[in-house]
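Chemist: Provided herewith is a single structure, encoded as structure tokens, for subsequent inquiry.
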Amino acid sequence: QVERLYPEIATEQETAGSMSFPEDRFDLVVSWTVLQHVAQEDIERTTTRINEVLGSGGIALITESVGEYDGPKTWGRSESEYARLLDMELVHSVPKPVERTFEPGDGPLPSSSPLDHPDHRVMVFRN
């Protein structure tokens, strides 16, 4: 849908841990609630690869849960842990806003609503 709405912006999508892009390819990398689902045994390879494809001075916009919990498909990591894993400076962090699909008046919120997860953060890292 991004291509249709913003045809002037080049977009590419691949699996983070096995991206085929050359080093220093991008100025911006966005990960929206993806890394919290990367298993412990794969997270270092994945975050190293993100760092490699992001150019010097580039920005990583990472939105993840920073809670202290591990589930069958979710691994809790702190903001400082993401900074360590990405080997980047955390320059900004704010609570993740509730998506527009959950506006007041739209009916009851589903049980998985972001309102039930106050530990979700939008984090900006600089390479």
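Chemist: List the trypsin sites (Lys or Arg not before Pro) within the stretch 1-91 that DSSP assigns to loop and that have no more than 12 neighbouring Cβ atoms inside 10 Å.
Modeler: Answer by residue number: K73.
Chemist: Applying 1/(1 + (r/R0)^6) with R0 = 35 Å to the Cβ-Cβ distance of E81 and L5, what FRET efficiency is obtained, to the nearest 0.05?
Modeler: After rounding to 0.05, the efficiency reads 0.55.
Chemist: Of the heavy-atom accessible surface of the stretch 19-103 (probe 1.4 angstrom), what whole percent is carbon and sulfur?
Modeler: C and S fraction of accessible area: 51 percent.
Chemist: Could you tell me which of rounded, prolate or oblate describes the stretch 1-104, using a ≥ b ≥ c as the square roots of the eigenvalues of the alpha-carbon gyration tensor, with rounded for a/c under 1.5 and, failing that, prolate when a/b is larger than b/c and oblate otherwise?
Modeler: oblate
Chemist: Follow-up question, since we're still on this one. Could you order the peptides 5-14, 85-94, 56-65 from most to least packed, using the average number of other C-beta atoms within 10 Å per residue?
Modeler: 56-65, 85-94, 5-14
Chemist: Please give the per residue accessible area of the stretch 1-68, computed with a probe of 1.4 Å over protein heavy atoms only, in Å².
Modeler: 63 Å²
The values are calculated or read from the model by the stated rules, or taken from the named source; none is laboratory data. These numbers come from a predicted model, not from an experiment. Ideal geometry is used to build each Cβ from the backbone, glycine not excepted, and the neighbour counts take in all protein chains shown. Accessible surface areas use protein heavy atoms only, side chains included; no ligands, DNA or RNA. Shrake-Rupley method; radii C 1.70, N 1.55, O 1.52, S 1.80 Å.
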